[in-house]
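A short worksheet on the structure shown next.
The values are calculated or read from the model by the stated rules, or taken from the named source; none is laboratory data. Quantities reported herein were computed from a predicted structural model and do not represent experimental measurements. Here the Cβ positions follow ideal geometry from the backbone for every residue, glycine too, while neighbour counts run over all protein chains shown.
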Amino acid sequence: MKILAVVLALVAVLAGAILFQAVRAGDKAPAAGTPAPDFTLNSQEGKLLGLHDFRGKWVVLYFYPKDFTSGCTVEAHNFQRDIALYEQKGAVILGVSVQNEESHKEFCAKEGLSFKLLADTKHEVSKKYDSLMNLGIAKISARHTFLIDPEGMIREVYQKVDPGSHSAQVLADLTSLQKASASK
């Protein structure tokens with residue numbers, strides 16, 4: 001009995017530490033009004049793409065946990081549903097997770113996604129944006145989004161994301177930011 005109690009206590013401590021790390025992701029994320037950290041990653045097509053390649057455009061840089069999971073699929077479908085609206089506003093969508101190019105390629109093919117998914121297999125970009133969760137046995141990207149203006153400045157940071165309504169929220173904020181810029 002005593003050994004079982006010790007094992008259960010250790011499991012509870014480990015679970016608490018893992019939960020703390022998972023919840024902590026985003027505490028030190030780049031803030032709105034600061035330059036977006038540049039990066040270069042492979043897309044689902046195996047091509048290197050960097051944030052700098054999209055200067056002059058608005059960028060929706062969204063981090064998501066894993067291809068083929070329910071929340072990530074809903075979020076991706078909604079961005080795809082709204083892609084024409086983003087394009088009308090001069091914006092591109094870039095999804096980032098820690099899966100490799102092949103997983104992203106299969107996810108795009110199965111789900112009909114036409115925007116770029118970037119493979120952060122070394123976790124470097126997720127770390128730069130403080131969007132990496134350590135679940136103990138695995139590290140995954142946290143569900144965070146950064147709305148970046150054409151000059152490379154972060155304009156909005158989303159750390160509490162509802163996959164079902166997120167694209168609509170980002171579109172509304174993008175519209176407001178563009179109207180505010182136009183009126184200056």
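Restricting attention to region 112-154 and to residues that are in a loop (DSSP other than H, G, I, E, B) and among the aliphatic types (A, V, I, L, M), the residue that is farthest from residue 86 (Cα to Cα) turns out to be 137.
In a strand (DSSP E or B) and within 20 Å of residue 57 (Cβ to Cβ), is that true of residue 157? Yes.
Give me the residue from region 151-170 that is of a type in the set (A, V, I, L, M, F, W, C) and either in contact with a Lys or Arg (Cβ under 8 Å, 6 or more places away or on another chain) or over 26 Å from residue 72 (Cβ atoms) (or both) and, out of that set, modelled with the lowest pLDDT.
Only one residue tops the list, namely 161.
Per-residue answers, yes or no, for (1) assigned to a helix (DSSP H, G or I); (2) closer than 15 Å to residue 131 by Cβ; (3) modelled with pLDDT under 95:
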site: 11; (1), (2), (3): yes, no, yes
site: 16; (1), (2), (3): yes, no, yes
site: 37; (1), (2), (3): no, yes, no
site: 53; (1), (2), (3): yes, no, no
site: 56; (1), (2), (3): no, no, no
site: 62; (1), (2), (3): no, yes, no
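Hey, does region 100-111 have a residue that's out of contact with any strand residue (DSSP E or B) (no Cβ under 6 Å at 6 or more places or on another chain) and in a loop (DSSP other than H, G, I, E, B)? The answer is no; no qualifying residue exists. Of the residues 68, 79, the single one that is in contact with a Phe, Trp or Tyr (Cβ under 9 Å, 6 or more places away or on another chain), modelled with pLDDT of 95 or more and over 20 Å from residue 170 (Cα atoms) is 68.
When you scan region 87-99, do you find a residue that is in a loop (DSSP other than H, G, I, E, B) and farther than 20 Å from residue 156 by Cβ, even just one? Checked against the condition, which is being in a loop (DSSP other than H, G, I, E, B) and farther than 20 Å from residue 156 by Cβ, region 87-99 yields at least one hit. Of 160, 105, 122, 110, which residue is farther than 19 Å from residue 178 by Cα and either among the hydrophobic types (A, V, I, L, M, F, W, C) or surrounded by 15 or more Cβ atoms within 10 Å (Cβ to Cβ) (or both)? Exactly one of 160, 105, 122, 110 is farther than 19 Å from residue 178 by Cα and either among the hydrophobic types (A, V, I, L, M, F, W, C) or surrounded by 15 or more Cβ atoms within 10 Å (Cβ to Cβ) (or both), namely 105.
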